[in-house]
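Q: Here it is: the structure, laid out below.
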Amino acid sequence: DSPIFLSRWDGHASLINSAAAQYLGLSPQAQLLTEAKHFEALQKLPQFSPSQLQHILKISLNFLNSQGFTHFRDMTSSEPEFKTWLQIFQQQRPTGFIQFYFQVSDLSQLQKRLIQLNDLKTQQTKYL
C-alpha cells in the first residue's frame, strides 16, 4: 500500500490514505487533514529532487500559460522552489510573474526565516 497525499485545490486541506497516515505518524486510517494538521503534514513529506522540482515547475508554468495565466501566487513557497524558479528563468525567457509567500510554522524560527528571505530578496528578478 503506497502513501497517497492529495492536497485540496486551495492548499488548506488534504486527504491521505492509511499508508500516508502511518508515514506521517498519525492514526493508521485514511483521513482528511485541515488547516494546522494539513500544513504540519506538508512539512513531513519527502522533498522532490532538484531535477524533479524543475520538471514539475516547468510543466505547471506551461499549463498555466496555456490557460492564459501570466501572474501567479505561490502561497506555500520554499527556498528550493524559489531558487529553482530563478534557474528556470535564467534558462528561458520568463512567461509569467510569480509572487511568493513563505510560511513560518514555528514562531521561534521567524528571525531565521526573515534573514533567509532578505538573502533571497537580493536574488530576485523583475519576474520573481
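The values are calculated or read from the model by the stated rules, or taken from the named source; none is laboratory data. Please read these numbers as outputs of a predicted model, since none were measured by experiment. Backbone-built Cβ (ideal geometry, glycine too); neighbour counts: all protein chains shown. Accessible surface areas use protein heavy atoms only, side chains included; no ligands, DNA or RNA. Shrake-Rupley method; radii C 1.70, N 1.55, O 1.52, S 1.80 Å.
Q: For the pair Q43 and H55, how long in nm is the line joining their label points, each one 7 Å along Cα→Cβ?
A: 2.9
Q: To continue, here is another question. Rolling a 1.4 Å sphere over the protein heavy atoms, what is the accessible area per residue of the stretch 24-118, to the nearest Å²?
A: Per-residue accessible area for the stretch 24-118 comes out at 69 Å².
Q: Could you give each residue of the stretch 81-94 its phi-based ³J(HN,Hα) in whole Hz, using Karplus coefficients 6.51, -1.76, 1.60 with θ = phi - 60°, and x for Gly or Pro?
A: 5, 4, 5, 5, 4, 4, 4, 4, 6, 7, 8, 9, 5, x
Q: Using a 1.4 angstrom probe on the protein heavy atoms only, could you order S108, S77, S27 from most to least accessible area?
A: S108, S27, S77
Q: Do you know the relative contact order of the chain, to the nearest whole percent, from alpha carbon pairs under 8 angstrom that are 6+ apart?
A: Relative contact order, the chain: 16 percent.
Q: Here's something else I'd like to know. Report the gain in length on full extension from S2 to K126: 0.36 nm times residue separation, minus Cα-Cα distance, nm rounded to one decimal.
A: Taking S2 through K126 to full extension adds about 40.5 nm, to one decimal.
Q: Given a 1.4 Å probe and every protein chain left where it sits, what share in percent of the accessible area of the stretch 12-113 is carbon and sulfur?
A: Carbon-and-sulfur percentage of accessible area, whole number: 55.
Q: Kindly sort R113, R73, R93 by accessible area of their heavy atoms, largest first, with the probe set to 1.4 Å.
A: R93, R73, R113
Q: Summing -39500 (n - 2.57) over the DSSP H runs of n ≥ 4 in the chain and dividing by its residue number, what mean residue ellipticity at 222 nm do you reach, to the nearest 500 deg cm²/dmol?
A: Mean residue ellipticity, 222 nm, calculated: -14000 deg cm²/dmol.
Q: Another question, if that's okay. Name the shape class, rounded, prolate or oblate, that the alpha-carbon gyration tensor gives for the stretch 21-128, where a ≥ b ≥ c are the square roots of its eigenvalues, rounded holds for a/c under 1.5, and otherwise prolate holds if a/b is larger than b/c and oblate otherwise.
A: It is oblate, given that a/c is not under 1.5 and a/b is not larger than b/c.
Q: May I ask you to derive the FRET efficiency for L110 and T34 from their Cβ-Cβ distance with R0 = 25 Å, giving the value to the nearest 0.05?
A: Efficiency computed from Cβ-Cβ geometry: 0.55.
Q: Non-local amide H neighbours of L33 (under 5 Å, H modeled in plane, Pro and chain starts lacking H): which ones?
A: Here the answer is S14, L15, I16, since their amide H atoms fall under 5 Å of that of L33.
Q: What list of ³J(HN,Hα) values in whole Hz, one per residue of the stretch 105-111 in order, does the Karplus curve 6.51 cos²θ - 1.76 cosθ + 1.60 (θ = phi - 60°) give from phi, with Gly and Pro shown as x?
A: For the stretch 105-111, the Karplus curve yields 8, 10, 4, 5, 9, 4, 4 Hz.
Q: Long-range amide H contacts for F97: which residues qualify at under 5 Å (H placed 1.01 Å from N, peptide plane, sequence gap of 5 or more or a different chain)?
A: Sorted by chain and number, the residues that satisfy this are H71, F72.
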